[in-house]
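The values are calculated or read from the model by the stated rules, or taken from the named source; none is laboratory data. Model, not experiment: these values are computed from the prediction. Every residue, glycine as well, gets a Cβ built from its backbone with ideal geometry; the counts of neighbours run over all protein chains shown.
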């Protein structure tokens, strides 16, 4: 996979995760006064980092030869394309007396941050394709 393809694929995955994060945060905000409602977050970046770290470890790590498919592989890389955004329910905290743990102000700020992040990702995607367009013109 070349650098352009990998970059565009990563940007698309980040945009998908950001879109899901927006939906989850909007749902949290909509349910900020519902008794016993627990907020949800989206975990994507840490799993993506783990996949990249495993690729690096497999590339630079000690290699063993497996003579049987039942042998346990050492430093088997975790493909970043298998990483999916994951919803995580925060059931351990309680911020209000009614059992709800959603802070409406924090969620509203999160929505603004998510919108800016999505805008940045679209600009980066546009930049990638503009660079390709420049190369194709020459």
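Taking (1) over 30 Å from residue 3 (Cα atoms); (2) in contact (Cβ under 8 Å) with a residue 24 or more places away in the chain; (3) over 21 Å from the mean Cα position of the chain (by Cα) in turn, residue 97 satisfies each apart from (2).
Return the residues of the range 25-37 that are within 21 Å of the chain's Cα centre (by Cα) and either under 11 Å from residue 98 (Cα atoms) or without any contact (Cβ under 8 Å) to a residue 40 or more places away in the chain (or both); say none if nothing qualifies.
Within the range 25-37, 27 is the sole residue that qualifies.
When the range 52-61 is filtered for residues that are surrounded by fewer than 17 Cβ atoms within 10 Å (Cβ to Cβ) and either within 18 Å of the chain's Cα centre (by Cα) or touching a residue at least 40 places away in the same chain (Cβ under 8 Å) (or both), the ones remaining, listed by number, are 52, 53, 55. The condition (being surrounded by 11 or more Cβ atoms within 10 Å (Cβ to Cβ) and assigned to a loop (DSSP other than H, G, I, E, B)) is satisfied by just one residue among 48, 64: 64.
Quick test for you: out of 106, 92, 41, pick the one residue that is outside any helix (DSSP H, G or I) and free of Cβ contacts under 8 Å to residues at least 12 places away in the same chain.
Of 106, 92, 41, the one residue that is outside any helix (DSSP H, G or I) and free of Cβ contacts under 8 Å to residues at least 12 places away in the same chain is 92.
Of the residues that sit in the range 46-78 and are at pLDDT 80 or above and touching a helix residue (DSSP H, G or I) at 6+ places or on another chain (Cβ under 8 Å), which one is nearest to residue 97 (Cα to Cα)? Here the answer is 48. When residue 90 is tested against (1) surrounded by 15 or more Cβ atoms within 10 Å (Cβ to Cβ); (2) over 26 Å from residue 123 (Cα atoms); (3) under 21 Å from the mean Cα position of the chain (by Cα), exactly one condition is not met: (1).
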